[in-house]
Amino acid sequence: MNHRFWIVLLLCVIVTPACNLPSQTTSTPPPSSVTDTPSSTFSTPTLIPIETLLARATSTFVPTSTPRLSIASPINQPVNCRYGPSTAYSVVGGLEVGGQAEIIGKNIDVTWWYVKNPSDPSTTCWFAASLIDAVGNLDALPVVEAPPALVTNIQVRIEPPSIYVACSSFPQYVTVTAEITTNGPATVAWRWETSEGEVIDKDSLLYLENSSLPVLMSYKINAAKDYWIQVHILSPNDTTGRTVFKATCVP
């Protein structure tokens, strides 16, 4: 009886640790459940160099060697800039060697460039193409017609400018001269007008180039008084040039 008791007790002592082992190991998470490796459902982001990011954000630009403006500069000497595309027009500006002017047009056979006047950018003028280095998109420039020439100056004078005579000496005669200047080829229609309400010698002048041409008139003074005499230009532009005259008499 006692012998069996000790055998059973010994077996219990031996079996008990084995029976408790599963309960102790189940309380500790298996090592395979803890890891520093990211889950396979996440991918590592690709690092993009800063140069690549900037390149992606920048719009595509194709450089060109053609200037945005068309530019004229003298080849080897100062160049006159004229009112129209011909040496028949007057000089209204100029450009020194090393200077530049913006080209804004051309004549039909591309022998003259139409530019912003380098001497006065609020106006325009023309350079002879043979004297100019021109760069830019010249083919795209518009064809510009030659401007109509204008009367730009009138100088009127009377000889003598005044008289002092006996009151019984009238009528007297004076010579009136007018110098009419154009800035290019033109046909100028003109007439004399006086303070007495007279319209005299309506006529025309033909100009082949920019120049001054004279017109003359002998005018009769009938009484002692103040007079004015003028040349009235009717075309190509309406303008006048006037002078005054004084006649004085003594009894």
* Can you tell me which of Pro147, Pro121 is assigned to a loop (DSSP other than H, G, I, E, B), surrounded by fewer than 18 Cβ atoms within 10 Å (Cβ to Cβ) and modelled with pLDDT under 95? -> Pro121
* Asked: Does Leu205 fit the bill of being over 35 Å from the mean Cα position of the chain (by Cα), more than 30 Å from Ala247 (Cα to Cα) and surrounded by 14 or more Cβ atoms within 10 Å (Cβ to Cβ)?
  -> yes
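Considering Arg82, Arg68, which residue is of a type in the set (Lys, Arg) and surrounded by fewer than 13 Cβ atoms within 10 Å (Cβ to Cβ)?
Arg68
With the requirement that a residue be acidic (Asp, Glu) and in contact with a strand residue (DSSP E or B) (Cβ under 7 Å, 6 or more places away or on another chain), what does the range 167-226 give you? It would help to see each step written out before you state the result.
Filtering the range 167-226 for residues acidic (Asp, Glu) gives 179, 193, 196, 198, 201, 203, 209, 226.
Result: Glu179, Glu193, Asp201, Asp203, Asp226.
Table: residues versus (1) modelled with pLDDT of 95 or more; (2) in the same structural domain as Glu96 (by TED's automatic domain parsing); (3) outside any strand (DSSP E or B).
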{"site": "Ala134", "(1), (2), (3)": "yes, yes, no"}
{"site": "Arg157", "(1), (2), (3)": "yes, no, no"}
{"site": "Thr181", "(1), (2), (3)": "yes, no, no"}
{"site": "Val188", "(1), (2), (3)": "yes, no, no"}
{"site": "Ala224", "(1), (2), (3)": "yes, no, yes"}
{"site": "Gln230", "(1), (2), (3)": "yes, no, no"}
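Restricting the search to the range 87-129, which residues are of a type in the set (Val, Ile, Thr) and free of Cβ contacts under 8 Å to residues at least 12 places away in the same chain?
So the first thing to find is which residues in the range 87-129 are of a type in the set (Val, Ile, Thr), and the list is 87, 91-92, 97, 103-104, 108, 110-111, 115, 123-124.
Selection gives Val91 alone.
The values are calculated or read from the model by the stated rules, or taken from the named source; none is laboratory data. Quantities reported herein were computed from a predicted structural model and do not represent experimental measurements. Neighbour counts are summed over all protein chains in view; Cβ atoms, including those assigned to glycine, are modelled from backbone coordinates with ideal geometry.
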